[in-house]
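Remarks on the structure that follows.
The values are calculated or read from the model by the stated rules, or taken from the named source; none is laboratory data. What you see is a predicted model, and the numbers here were worked out from it, not measured in a lab. Positions of Cβ are backbone-derived with ideal geometry, glycine not excepted, and every protein chain shown enters the neighbour counts. For the accessible areas, the whole protein counts, side chains as well, though only heavy atoms, and no ligand, DNA or RNA atoms are used. Shrake-Rupley method; radii C 1.70, N 1.55, O 1.52, S 1.80 Å.
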Amino acid sequence: MPKRREFLGALSSLGLGAAMEEADKSTIYIPDRQRESDRAVILDFLEEYSFAMLVTAAGGVQITNVPTLFDRSTEGWGRVWWHLAKSNGQNQVFDGNTQCTVVFHGPHGYISPNWYTTKNAVPTWNFAVVHATGKPKRVDDDAAFAKSLERLVARNEGDYGGGDHWDLAKLPESYLKGMRQGIVAYEMVIDQVEAKFKLGQDRSAADRAGILKGLENGRKERNLTELTKAHYGRIKE
């Protein structure tokens, strides 16, 4: 440890210490050409791809997949809200002091060299992802908890519910309160954002055009409807 401090001290004298410390905090490798830094693009991404992975390492790696609510802020990167089942062991990690990285994953897909005009090329996989890191704190205010659940339902009903919006107000308050007692809510101020958009933006204009054409015409992964239908077909009543 002393040697590491001496090393960082030497870098600091060269003006490189801050960069080294920042690299130490990274949760993902991002080449400069794939680093997205446009604030509006990043915040829109957090809202659009709101189903995310909570990743913690304290006491062993744990990952939970959750729908999230994102609140923008004029300062910093805003706040993320989610809830977990009370029986989820990851609740023991979220003590207000332990770091969590929330992974927001966008679309991804295989890229064939056949799509390029460039001849010397290899296959790759393109994707976009944002890692938001902070220290989640439990929301103990039941009224605030209830309001956030209402917002979560309203937002997703509006986006995906099909028009005839369902809302929590249709259920008895006694039922809703009992439901809240079985889950735990958290809010996390985002201290660090890392956005990697690996979309072939470093290639020539002709190659980028080929990527777009190939993606439009290529094989598509099963969507949720198709996956669910196949899974239901395996159920034996």
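If a spin label sat at a point 7 angstrom from the Cα of residue 47 along the line to its beta carbon, the backbone N atoms of segment 132-176 nearer than 17 Å would be those of 151-160. The Cα center of segment 131-147 and the Cα center of segment 171-208 differ in position by 13 Å.
For segment 107-237, the solvent-accessible area of protein heavy atoms averages 68 Å² per residue (probe radius 1.4 Å; ligands and nucleic acids excluded). Among the listed pairs 177/229; 147/170; 25/147, give every one whose C-alpha distance is greater than 25 Å. The pairs that break the limit, which is 25 Å between Cα atoms, are 177/229; 25/147. Helical content alone sets the calculated 222 nm signal of the chain at -10000 deg cm²/dmol, taking -39,500 (n - 2.57) per DSSP H segment of four or more residues and averaging over every residue.
Taking only protein heavy atoms and a 1.4 Å probe, the accessible area of the chain is 53% carbon and sulfur. Pull out a ≥ b ≥ c, the square roots of the eigenvalues of the alpha-carbon gyration tensor of segment 101-195, then state rounded if a/c is under 1.5, prolate if not and a/b is larger than b/c, and oblate in the remaining case. Judged from the Cα gyration tensor, segment 101-195 comes out oblate (a/c at least 1.5, b/c at or above a/b).
3J(HN,Hα) along segment 82-92, derived from phi through the Karplus expression 6.51 cos²θ - 1.76 cosθ + 1.60 where θ = phi - 60°, amounts to 7, 9, 10, 4, 4, 7, 5, x, 5, 4, 5 Hz, with x in place of Gly and Pro.
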